[in-house]
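Here's the structure, in structure tokens; my notes come after.
Only the coordinates and a few stated rules stand behind these numbers; no lab work does. Everything numeric in this text was worked out from a predicted model, so none of it was measured. Cβ sites come from the backbone with ideal geometry, for glycine too, and all protein chains shown count toward neighbours.
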Amino acid sequence: MKYTPLANLVVAMCLVLGATGTCRAGKKLIQYASSSPNPVFAREHYQEMDKMPLDGTCFLLGRGADRPHAGRPWDNLSWGCWGHRYFKWEDVQHHVEDLKAAKFKRLVNNFIIMTVVPGDVDWFDDFGPVVSNYRLAARIARQVPNCKGLLLDTEAYGTEEYSSMWDYDSNYGRQRYSDTYTYDQYAAQARLRGREIMQAMQEEYPGLTVFITHSYTLVWLNWMRDPSRVKEPAWCYTLLTPFLDGLHDADKPDVKIVDGREIAYRYKTRAEFQQAYKEGAEEVLAMVGSPQAYKRVRSLGFGLYLESPVIPGAYGSWRPEDPSTWWFTPAEWEQALRYALEISDEYVWIYTQKTGWWGEWRNVMPKDYYDATVRAYESKGEK
């Protein structure tokens with residue numbers, strides 16, 4: 001039989017994965033980005049998606065790769081869950097049917113995307129819709145084959161008036177009732193809400209995985225590794241810690257909580273990944289409310305941003321169509337992926353802004369970077 005280059009790649013990937021799609025060394029590479037697929041795309045293109053050097057993806061329950069603007073929640077569960085609307089089963093049932101029809105063999109570590117958008121519900125408001133929406137997402141995840149749980153994007157994209165539900169009273173945002181309730185009262189309430197959300201998710205999906213993009217390590221670095229400053233009300237993301245504590249208050253031993261460490265986007269060296277792992281495994285315990293629960297269920301991972309600008313945040317000089325303006329060269333990208341897979345407990349995820357792995361996004365993925373990803377993927381956890 002004569003194989004095309006793509007066919008040869010597919011055969012090679014199958015040899016790496018094995019017939020069941022399991023991963024060598026237990027390490028998993030997944031995708032979460034603007035190009036995350038919606039269920040309709042997954043149903044129609046799952047065979048194409050299955051050929052990529054990935055073990056899973058994250059499904060957007062809504063309008064494809066569209067993103068909401070701050071303060072304008074859109075009509076979908078993924079990007080409208082943290083608001084006043086109760087989503088219902090009939091709103092999402094078609095998503096379940098589409099995802100069931102996607103007969104993945106390789107992409108068997110998938111997640112449902114959930115966010116904290118629009119973020120216009122105060123911790124002391126009626127939180128019933130938020131808890132209900134997360135319960136519904138867990139119900140969907142349990143019914144979809146090869147769906148491990150939920151990906152919780154905790155970045156506070158914000159609303160027009162209150163720019164971050166994680167800030168008590170800072171330059172970035174303030175709580176609606178901060179003139180009435182103290183920081184300690186807000187922290188206790190955020191912890192309660194985390195507990196309620198975790199309880200609801202577990203009731204629908206016992207043993208699920210909750211993959212968190214920004215977790216304790218973000219707060220740890222915000223406070224420059226000084227746990228005595230964690231409760232300073234004026235700092236940003238100050239309420240994320242008690243919310244995470246609440247998740248751990250309610251988790252059961254069969255649950256897994258992944259710290260996706262989005263702040264690893266630009267790591268290149270083994271030393272950076274090793275230091276990050278040490279922070280997540282040991283140093284953050286000084287600020288964690290339930291250290292034993294945290295150690296029991298936590299899994300430390302890394303996120304890497306393929307097209308990250310050469311200068312952080314310098315998007316004026318960044319041209320997504322020009323890899324010379326990217327932080328990683330192909331060789332550096334491959335090496336960073338290898339280190340991440342080697343040092344993580346299980347998961348590494350790739351973020352892309354203007355390229356991707358399927359559909360029109362695949363057409364603009366530079367071949368050098370795609371090939372580098374394949375080589376790193378095939379190395380899976382090797383030192």
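Mind giving me the FRET efficiency for E321 and T182? R0 is 35 Å, r the Cβ-Cβ distance, nearest 0.05 is fine.
Values: r = 50 Å, r/R0 = 1.43.
So the FRET efficiency works out to roughly 0.10.
Quick check: net charge around Y347, other residues with Cβ under 14 Å of its Cβ, Lys/Arg +1 and Asp/Glu -1?
Values: positive: K27, K28, K148, K256, R261, R298, K380; negative: D55, D259, E262, E342, D345, E346.
Net charge around Y347: +1.
Let me check against my output: what whole-number percent is the relative contact order of the range 21-379, with C-alpha pairs under 8 Å and at least 6 apart?
Numbers: 766 pairs, mean separation 59.9, N = 359.
Worked out over the range 21-379, it gives 17 percent.
State the antiparallel share, in %, of DSSP beta bridges confined to the range 21-379, rounding to the nearest 5.
Just about 10 percent of them are antiparallel.
Scan around R174 for amide H atoms under 5 Å from its own, H built in the peptide plane at 1.01 Å from N, and keep only partners 5 or more places away or cross-chain.
The answer is S163, S164.
For q = 0.09, 0.11, 0.13, 0.15 Å⁻¹, what log10 I(q)/I(0) does the range 21-379 give under the Debye formula with an equal point scatterer on each alpha carbon and no solvent?
The Debye formula, applied to the Cα set alone, gives -0.47, -0.72, -1.04, -1.42.
For the range 249-383, take every pair of Cα atoms, bin their distances at 5 Å starting from 0, and report each bin as a whole percent.
Final binned percentages: 2, 10, 18, 20, 17, 13, 9, 7, 4, 0.
Points 7 angstrom from Cα along the Cβ direction at A286 and E155: gap in nanometres?
2.8 nm
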